[in-house]
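The values are calculated or read from the model by the stated rules, or taken from the named source; none is laboratory data. Fair warning: this is a prediction, and the values are worked out from it, not measured in the lab. Virtual Cβ from ideal backbone geometry, glycine too; neighbours counted across all protein chains shown. Note: accessible area is taken over every heavy atom of the protein model, side chains too, but ligands, DNA and RNA are not part of it. Shrake-Rupley method; radii C 1.70, N 1.55, O 1.52, S 1.80 Å.
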Amino acid sequence: MPICRFLNPILFVIFLLLVQCSSPDPDREANRLFVEAYRYTEEAREIERDDPVAAYEKYRGALANIDKIIESYSETQVAVNVTQQQTRVGELTIGELRRIVPVFQARARALESFHDLSRYLTGRIGDDVTKAEQQIRYARWVQNNDGPYSKILDEVAQSAHLHWNTEVSDPIYHQLTSAYASFGEWDKALEMADRIQDRLLLYHSLENIITGGYVRQAENGEIAPLLRIMDYVSPTEEIRLLTLVAEDLFDREMGEEAEAFTGQPIPGPEGGDELDHIDALTSLASMYATRGSFDASRSVISAIRDIDADYADFALRDLSIELARRQKMEEANEIVSGFERSYFRDTSIAGIAIQHARNGMVTDALEMLNTLSEELSETTNARIEIAYILADYGDKERSDSLLEATNPLLENINSALQQTEFRLRMVEIYLMRNERSQAAASLERTEETALQISGAGNRNQMLEEIIKKWIQLGRPDRVLDIAAHLAMDHAGFRDIMTDLLKTSIQADYHDLAGSLALMTENLHYYRYYITGLYLESKSLERAANTSYDIRNYYWRAKALADLAHYLHLHGADTSTTSQKAASDALQTIQRIRSDRERDEALEYAASRFAAANFTMNQELESLAAKLLGNIEM
């Protein structure tokens with residue numbers, strides 16, 4: 001017993017010593033954690049551009065150390081300094097460290113898949129409208145591959161709801177309307193359109209819904225929701241939309257419903273909008289006439305007459321021609337005889353003569369032409385149209401006779417535009433008859449006339465048609481000289497050039513397409529466009545070669561991304577693999593100097609890869625990580 005009493009105090013002291021040894025000094029441990037946090041942040045800063053995933057782990061570790069100091073060693077001086085924001089972790093304040101960790105966490109998660117990367121990037125590049133446009137474009141791409149398009153669109157819609165500025169929200173709702181309509185989600189399309197405040201954007205959105213097939217697909221032709229929203233556009237725009245709706249109803253053999261619009265009061269024009277309104281009503285009246293709804297057409301013409309009686313004659317002329325086309329000559333003649341102005345009487349007769357020829361009554365048509373003044377351009381037009389009809393019938397003799405009689409008249413037409421249009425129609429006649437030498441000679445004369453057209457837009461359109469005719473004739477050698485006269489600074493030039501490139505590729509004139517692109521100020525864009533044409537036609541080797549030949553890194557990267565998307569999605573067999581094209585696209589993006597273009601190209605590539613279900617393998621992840629690290633936070 002005495003021995004036990006003697007040992008117990010010794011054991012207790014040993015126990016205390018062991019406890020003290022196992023309990024580190026709080027200040028020392030806090031300092032150690034802080035120094036380690038400092039080291040983590042410095043290491044993270046060095047690698048954050050090349051490896052945001054590893055940088056995230058280090059920033060997260062640094063923040064974990066700081067939180068541990070505060071929680072476990074709160075009485076130390078280090079904890080006090082940290083809590084009172086009196087110290088920095090490397091170059092970062094504690095607040096900055098707390099903000100940067102979730103930023104790099106988002107970047108790390110973005111590299112888990114191309115879908116995640118695309119979703120991350122589309123929400124960060126450009127203004128709000130641009131971001132929405134990118135997200136909607138991506139939704140369209142993934143929808144083609146059964147992707148989560150609806151969720152993406154719904155998120156864009158939610159973001160638009162939060163905007164008080166309609167200059168931002170309206171364009172987004174407009175884009176959403178078009179997207180939902182293209183997917184056949186009519187209720188959502190109408191909901192987005194109904195939120196648009198700008199009347200012109202609302203008009204275009206409703207136009208997209210109608211042309212997208214809403215009326216053609218509506219169950220039992222029930223379109224009341226659409227008609228309700230149409231009340232908010234201008235009266236003129238409402239008439240144009242009603243014309244589209246009525247046409248679709250006629251296509252569904254719902255003529256009564258289409259004609260019912262004329263049984264209601266027809267909207268009148270707003271102040272200062274009379275001419276546009278009359279033009280819209282004239283189109284509506286002509287549409288009804290074309291569909292054989294002559295009473296409806298007359299009702300609309302009556303509305304035109306209430307605005308301006310003189311303009312009603314234009315619609316009446318169209319009505320008389322349609323009546324003649326349906327061989328209702330008594331009614332047609334009644335309209336013609338009722339015209340007070342000879343211009344409308346003669347131009348109606350010219351149109352009726354063309355309809356007679358189409359109905360096989362060529363002799364009657366020619367007799368009618370003989371009653372008209374040769375100075376009237378409509379007479380010249382009727383001669384050429386009937387010559388075309390006769391050529392189609394195989395009646396070369398009478399067709400030639402009309403052309404010979406018409407040629408001298410063309411020189412007397414003051415309008416270079418109108419004269420060019422007539423000459424192009426004559427070229428079509430020679431081509432139809434396979435008279436290539438005559439077509440070429442006529443086309444040369446047409447060129448001379450076209451170059452006299454004063455307006456750049458009209459001249460460009462006519463030169464485009466002439467170029468297409470030379471391509472059709474197998475004469476690409478004539479194209480470049482004519483193309484040099486195109487006004488490249490005109491707003492419609494891009495559409496014309498892309499159309500010509502498409503025509504050249506379809507005709508197998510690949511060198512011509514390249515030369516046309518070379519003539520422009522946007523060579524790289526047009527080479528990118530040519531790549532897309534090759535992908536559409538499944539000319540994969542040409543697509544690959546053209547992609548790699550693009551000198552501009554931005555457009556080359558986009559072309560390679562499109563190539564990778566196509567190859568991966570379709571499993572196509574070519575010397576360039578989808579993996580190589582994807583890798584080359586990302587490496588090309590690294591060479592882009594402009595921050596904005598580099599970020600846009602990365603977003604584009606990521607979205608294309610995601611839409612094709614690319615896997616984020618080690619090589620692609622490494623390349624994407626370096627690019628992601630260069631994006632401003």
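Does the range 138-150 contain any residue that is over 21 Å from Glu603 (Cβ atoms), among the aliphatic types (A, V, I, L, M) and either in contact with a helix residue (DSSP H, G or I) (Cβ under 7 Å, 6 or more places away or on another chain) or in contact (Cβ under 8 Å) with a residue 24 or more places away in the chain (or both)?
no
For the range 254-264, check the following and say yes or no: at least one residue is open to solvent by less than 60 Å² (accessible area, probe 1.4 Å), at pLDDT below 95, farther than 15 Å from Leu281 by Cβ and part of a loop (DSSP other than H, G, I, E, B).
So far as the range 254-264 goes, yes, one or more of its residues are open to solvent by less than 60 Å² (accessible area, probe 1.4 Å), at pLDDT below 95, farther than 15 Å from Leu281 by Cβ and part of a loop (DSSP other than H, G, I, E, B).
Kindly indicate which of Asp364, Asp279, Asp346 is surrounded by fewer than 23 Cβ atoms within 10 Å (Cβ to Cβ), more than 28 Å from Ser399 (Cβ to Cβ) and either touching a residue at least 24 places away in the same chain (Cβ under 8 Å) or of a type outside the set (Lys, Arg) (or both).
Being surrounded by fewer than 23 Cβ atoms within 10 Å (Cβ to Cβ), more than 28 Å from Ser399 (Cβ to Cβ) and either touching a residue at least 24 places away in the same chain (Cβ under 8 Å) or of a type outside the set (Lys, Arg) (or both) holds for just one of Asp364, Asp279, Asp346, which is Asp279.
Among residues belonging to the range 124-155 that are open to solvent by 30 Å² or more (accessible area, probe 1.4 Å) and not in a helix (DSSP H, G or I), point out the one that is modelled with the lowest pLDDT.
Within the range 124-155, the match that is modelled with the lowest pLDDT is Asn145.
Looking at the structure I just gave you, is Arg88 modelled with pLDDT of 90 or more, open to solvent by 50 Å² or more (accessible area, probe 1.4 Å) and out of contact with any helix residue (DSSP H, G or I) (no Cβ under 6 Å at 6 or more places or on another chain)?
no
Taking Tyr343 as meeting all but one of (1) under 25 Å from Leu390 (Cβ atoms); (2) under 46 Å from the mean Cα position of the chain (by Cα), write down the number of the exception.
(1)
Pairs please, first residue from the range 537-559 and touching a residue at least 40 places away in the same chain (Cβ under 8 Å) and of a type in the set (A, V, I, L, M), second anywhere and assigned to a helix (DSSP H, G or I) and surrounded by 17 or more Cβ atoms within 10 Å (Cβ to Cβ), Cβ atoms under 6 Å, 6+ apart in sequence or on different chains.
Ala557/Ala585; Ala557/Thr588; Ala557/Ile589; Ala557/Ala601
Can you list the helices (runs of 4 or more DSSP H) found entirely within the range 177-228 that contain at least 3 residues being closer than 22 Å to Asp154 by Cβ?
186-194, 199-211
So if I check each of Arg298, Arg228, Arg317, which one is in contact with a helix residue (DSSP H, G or I) (Cβ under 8 Å, 6 or more places away or on another chain) and open to solvent by 60 Å² or more (accessible area, probe 1.4 Å)?
From the options Arg298, Arg228, Arg317, the qualifying one is Arg298.
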